[in-house]
Amino acid sequence: MTLVEKILAAHTGKEKVSPGEFINARVDLILANDITAPIAIREFQRIGVGKVFDPKKVVMVPDHFVPNKDIASAEQAKLMREFCYEQGVIYFEVGRMGIEHVLLPEQGLVLPGDVVIGADSHTCTYGALGALATGMGSTDIAAAMATGDIWMKVPPTIKLIYHGTLGEWVGGKDLILFTIGDIGVDGALYSAMEFTGEAIDALSIDGRFTMANMAIEAGAKVGVFRVDNKTQLYIKSRAKRSYMVYEPDGDAEYSQVIEYDVSALEPQVALPHSPANTKPISQVGDIEINQAVIGSCTNGRLEDLRLAAEILKRKKVHPRVRCIILPGSQQVYLDALREGLIGIFIRAGAAVSTPTCGPCLGGHMGVLADGERCISTTNRNFVGRMGSPKSEVYLASPAVAAASAIMGRITSPDEVIKP
Amino acid sequence: MILNGKVHKYGADVNTDVIIPARYLNVSDPAELAKHCMEDIDREFVAEVQPGDIIMATTNFGCGSSREHAPLAIKASGISCIIAKSFARIFFRNAINIGLPLLECEEAVAQTEAGDLLEVDLSSGKIKNLTRGMTFTAKPYPDFMAELISAGGLIEYTKQRLISRRL
Ligand code: SF4
């Protein structure tokens, strides 16, 4: 069995599961946010059980439209908050929260071998820790809150092997953008992606979170990594309960094996309006930008902010560019403050925000006007994603976004930092 | 159940951000959401859609965000079913869970144009193009999905499961 099949078998009480099989899997954690929770709560109430199956296994995070941008979004956040108080489920208030997919692993709520379902498509982020985590809809979450399990179809697994050593300024974001560019937005539809190879072994946990986060952008159900020493080190100080580490069998069957040599990989940029519309930075051409967003559940972790600060240090954001920095959680914010990164950003002329999804989904804190262009470290550049349907979003790493913020056009960090 | 309606046709990778943009997600009332359904991909949709109409698309319909607001908006706008070559997986779950029928049928999509009139028999999966006089058959649902659909969606299915657990 593959890693994914092993985890699902263990959560189904079966010796073996196979791709295509329908199962009922026990869940270790259920997640919803201020957009998806209101519908989940409404549907949960229709089931009529009264109490969630286990309040310690349900977590709700207000992160999309908070601190609330208008009355309607405040009403939704209120509905969710009151449900959490009443049910005693895990809840993080503004001032103590973070973007859900940065926050949950950081708080030790997600551990290797877990099955996690979230009413948010980027729940797949936790695959970085060797968990089986997948996004679903609000009704799925409602049913699971009542029963503690959920129906699933066992996905086939695609194994992706990354050979070689990554060059300077090239990281997890570039690997995943390149991969989606190669296989397409439905290249892994209904499948699991298992990321392996020496370039993956060398990648930090933050880099792995970035890659797993965008597995959904290739249509995948999950994106998983095997647990290694780096994972163990990350978990050690955070885990408050026991967990299981699963390994794929030597004779595991994969639906596809894709191999890349990434030694010569350049930083990648996804052009509008698809994450698969990817080009190496040298082929992007002269593209002026109005805004640069650095943050989100894709690239809002400490390593991402360090990278951006390395480039913005003693430099200025271009006079015609708004550079917006969103630390992924209060902890990331505090760590960045201690390391002096926040000072670097402010001196460079960037705006630093409290953690929120904000501009990533065109919510608030940096919505785009007609004809505006933004380089962003987020994960989607669909039509209208960050505001006006006539705006454009270019996806890239924090290094490329920071360098572009300085130059006022999309560029490689090499142009800003001369060796 | 027999459905009858006019086809609204789209291409590949129609994502949930264009089905219902995030700027409208500060509410979750389906009727409110339906006022902005498909707005960023098809300005005319809301004005033209009639109860019973059918959305047709090529591959990977409903990709992107997991927002259940997307199938809710489509359903509340009066659309009776969606026929595509393939669907994104979260959208597929969401639609089945809330009782919006989806059918996968490559041939029907290839041979149908926007504005054609269709008659769809959900129990047999037969899709008749009345405008062109052609008949197609959609991929059958796996047994488990058929059970979920006949229970009336996931909430009803879950209620039944909980009752049988207690027995
Ligand atoms: S940061 Fe963006 S992609 Fe991530 S959870 Fe928030 S809205 Fe979704």
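Of everything listed in (1) within 16 Å of the ligand (Cβ to nearest atom); (2) of a type in the set (Gly, Ala, Ser); (3) more than 14 Å from chain B (Cβ to nearest Cβ); (4) touching a helix residue (DSSP H, G or I) at 6+ places or on another chain (Cβ under 6 Å), the single unmet condition for A:Ser412 is (1).
Taken across segment A:352-369, residues that are more than 17 Å from the chain's Cα centre (by Cα), more than 16 Å from the ligand (Cβ to nearest atom) and within 26 Å of A:Ser274 (Cα to Cα) do occur, with at least one present.
Among the residues making up segment A:176-193, those that are surrounded by 22 or more Cβ atoms within 10 Å (Cβ to Cβ) and touching a helix residue (DSSP H, G or I) at 6+ places or on another chain (Cβ under 6 Å) are A:Ile176, A:Ile180, A:Ala188, A:Ala192, A:Met193.
Restricted to segment B:1-93, the set of helices (runs of 4 or more DSSP H) holding at least 2 residues that are facing chain A (nearest Cβ under 7 Å) and closer than 24 Å to A:Ile183 by Cα comprises B:16-19.
Here is a yes/no grid of residues against (1) among the polar types (S, T, N, Q); (2) over 24 Å from A:Leu104 (Cα atoms); (3) more than 15 Å from the chain's Cα centre (by Cα); (4) assigned by TED's automatic domain parsing to the domain that holds A:His101:
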position	(1), (2), (3), (4)
A:Ala119	no, no, no, yes
A:Ala142	no, no, yes, yes
A:Ala146	no, no, yes, yes
A:Val154	no, yes, yes, yes
A:Leu160	no, yes, yes, yes
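Looking at segment B:143-165, can you tell me whether even one residue there is away from every other protein chain (no Cβ under 11 Å), over 18 Å from B:Gly99 (Cα atoms) and not in a loop (DSSP other than H, G, I, E, B)? There is at least one residue in segment B:143-165 that is away from every other protein chain (no Cβ under 11 Å), over 18 Å from B:Gly99 (Cα atoms) and not in a loop (DSSP other than H, G, I, E, B). Among the residues of segment B:143-156, is any among the hydroxyl-bearing types (Ser, Thr, Tyr), in contact (Cβ under 8 Å) with a residue 12 or more places away in the chain and on the phi < 0 side of the Ramachandran plot? Within segment B:143-156, not a single residue is among the hydroxyl-bearing types (Ser, Thr, Tyr), in contact (Cβ under 8 Å) with a residue 12 or more places away in the chain and on the phi < 0 side of the Ramachandran plot. Any residue at all in segment A:390-400 that's in contact with a helix residue (DSSP H, G or I) (Cβ under 9 Å, 6 or more places away or on another chain) and surrounded by fewer than 24 Cβ atoms within 10 Å (Cβ to Cβ)? Checking segment A:390-400: at least one residue is in contact with a helix residue (DSSP H, G or I) (Cβ under 9 Å, 6 or more places away or on another chain) and surrounded by fewer than 24 Cβ atoms within 10 Å (Cβ to Cβ).
Yes/no per residue for (1) in the same structural domain as A:Leu31 (by TED's automatic domain parsing); (2) within 14 Å of the ligand (Cβ to nearest atom); (3) of a type in the set (Gly, Ala, Ser); (4) more than 20 Å from A:Ala146 (Cα to Cα):
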{"site": "A:Val58", "(1), (2), (3), (4)": "yes, no, no, no"}
{"site": "A:Phe65", "(1), (2), (3), (4)": "yes, yes, no, yes"}
{"site": "A:Ala74", "(1), (2), (3), (4)": "yes, no, yes, yes"}
{"site": "A:Gly95", "(1), (2), (3), (4)": "yes, no, yes, yes"}
{"site": "A:Gly98", "(1), (2), (3), (4)": "yes, yes, yes, yes"}
{"site": "A:Val102", "(1), (2), (3), (4)": "yes, yes, no, yes"}
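Here A:Phe345 passes the criteria (1) within 13 Å of the ligand (Cβ to nearest atom); (2) assigned to a helix (DSSP H, G or I) except the one numbered (1).
This table checks each residue for (1) surrounded by fewer than 24 Cβ atoms within 10 Å (Cβ to Cβ); (2) free of Cβ contacts under 8 Å to residues at least 24 places away in the same chain; (3) under 21 Å from A:Gly408 (Cα atoms).
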residue	(1), (2), (3)
A:Phe345	no, no, yes
A:Gly349	yes, no, yes
A:Val352	yes, no, yes
A:Thr356	no, no, no
A:Glu372	yes, no, yes
A:Phe382	no, no, no
A:Ser388	yes, yes, yes
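Name the residues in segment A:376-393 that are small (Gly, Ala, Ser) and in a strand (DSSP E or B), would you? Once the filter is applied, which keeps residues that are small (Gly, Ala, Ser) and in a strand (DSSP E or B), segment A:376-393 yields A:Ser376, A:Gly387. Of all the listed residues (A:Ser274, A:Ser255), the sole one being polar (S, T, N, Q), out of contact with any helix residue (DSSP H, G or I) (no Cβ under 7 Å at 6 or more places or on another chain) and within 16 Å of the ligand (Cβ to nearest atom) is A:Ser274.
Residue-by-condition table, conditions (1) touching a residue at least 40 places away in the same chain (Cβ under 8 Å); (2) among the aliphatic types (A, V, I, L, M); (3) buried (at least 21 other Cβ atoms within 10 Å of the Cβ):
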{"residue": "B:Ile54", "(1), (2), (3)": "yes, yes, yes"}
{"residue": "B:Asn60", "(1), (2), (3)": "yes, no, yes"}
{"residue": "B:Ile83", "(1), (2), (3)": "yes, yes, yes"}
{"residue": "B:Asn94", "(1), (2), (3)": "no, no, yes"}
{"residue": "B:Glu113", "(1), (2), (3)": "yes, no, no"}
{"residue": "B:Leu117", "(1), (2), (3)": "yes, yes, no"}
{"residue": "B:Leu122", "(1), (2), (3)": "yes, yes, no"}
{"residue": "B:Thr131", "(1), (2), (3)": "no, no, no"}
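Would you tally the residues in segment A:277-301 being within 16 Å of the ligand (Cβ to nearest atom) and outside any loop (DSSP other than H, G, I, E, B)? Result for segment A:277-301: 9. Go through the residues of segment A:247-262 one by one and say whether even a single one is touching a Leu at 6+ places or on another chain (Cβ under 7 Å), farther than 20 Å from A:Arg409 by Cα and not in a loop (DSSP other than H, G, I, E, B). Checked against the condition, which is being touching a Leu at 6+ places or on another chain (Cβ under 7 Å), farther than 20 Å from A:Arg409 by Cα and not in a loop (DSSP other than H, G, I, E, B), segment A:247-262 yields at least one hit. With respect to A:Asp304, is the statement that it is outside the structural domain of A:Thr210 (by TED's automatic domain parsing), of a type in the set (Asp, Glu) and within 16 Å of the ligand (Cβ to nearest atom) true? So A:Asp304 fits the description; yes.
Could we say that A:Glu372 is of a type in the set (Asp, Glu) and within 22 Å of B:Ile19 (Cβ to Cβ) here? No: the conditions fail for A:Glu372. The set of residues in segment A:359-375 that are out of contact with any strand residue (DSSP E or B) (no Cβ under 8 Å at 6 or more places or on another chain), assigned to a loop (DSSP other than H, G, I, E, B) and facing chain B (nearest Cβ under 9 Å) contains only A:Gly363. For segment A:107-130, taking the residues that are over 12 Å from A:Arg226 (Cα atoms) and touching a Gly at 6+ places or on another chain (Cβ under 7 Å), the one that is nearest to the other protein chains (Cβ to nearest Cβ) is identified as A:Ser121. Of all residue pairs spaced 6 or more apart or on separate chains, those with beta-carbon atoms under 8 Å, a first member in segment A:293-306 that is within 14 Å of chain B (Cβ to nearest Cβ) and a second member that is β-branched (Val, Ile, Thr) and more than 8 Å from the ligand (Cβ to nearest atom) are A:Ser296/A:Thr377; A:Cys297/A:Val102; A:Cys297/A:Thr125; A:Thr298/A:Thr210; A:Thr298/A:Thr377. Tell me whether segment A:220-228 contains one or more residues that are among the acidic types (Asp, Glu) and either without any contact (Cβ under 8 Å) to a residue 40 or more places away in the chain or touching a Ser or Thr at 6+ places or on another chain (Cβ under 7 Å) (or both). Looking through segment A:220-228, at least one residue is among the acidic types (Asp, Glu) and either without any contact (Cβ under 8 Å) to a residue 40 or more places away in the chain or touching a Ser or Thr at 6+ places or on another chain (Cβ under 7 Å) (or both). Applying the criterion of being part of a helix (DSSP H, G or I) and among the polar types (S, T, N, Q) to the residues of segment A:191-242, the residue that is farthest from the chain's Cα centre (by Cα) is A:Asn229. A single entry from A:Arg320, A:Arg338 fulfils the requirement of being free of Cβ contacts under 8 Å to residues at least 40 places away in the same chain and away from the ligand (no atom under 12 Å from the Cβ): A:Arg338.
The values are calculated or read from the model by the stated rules, or taken from the named source; none is laboratory data. Quick caveat: nothing in here was measured; it's all calculated off a predicted structure. Cβ: placed from backbone, ideal geometry, glycine included. Neighbour counts: every protein chain shown.
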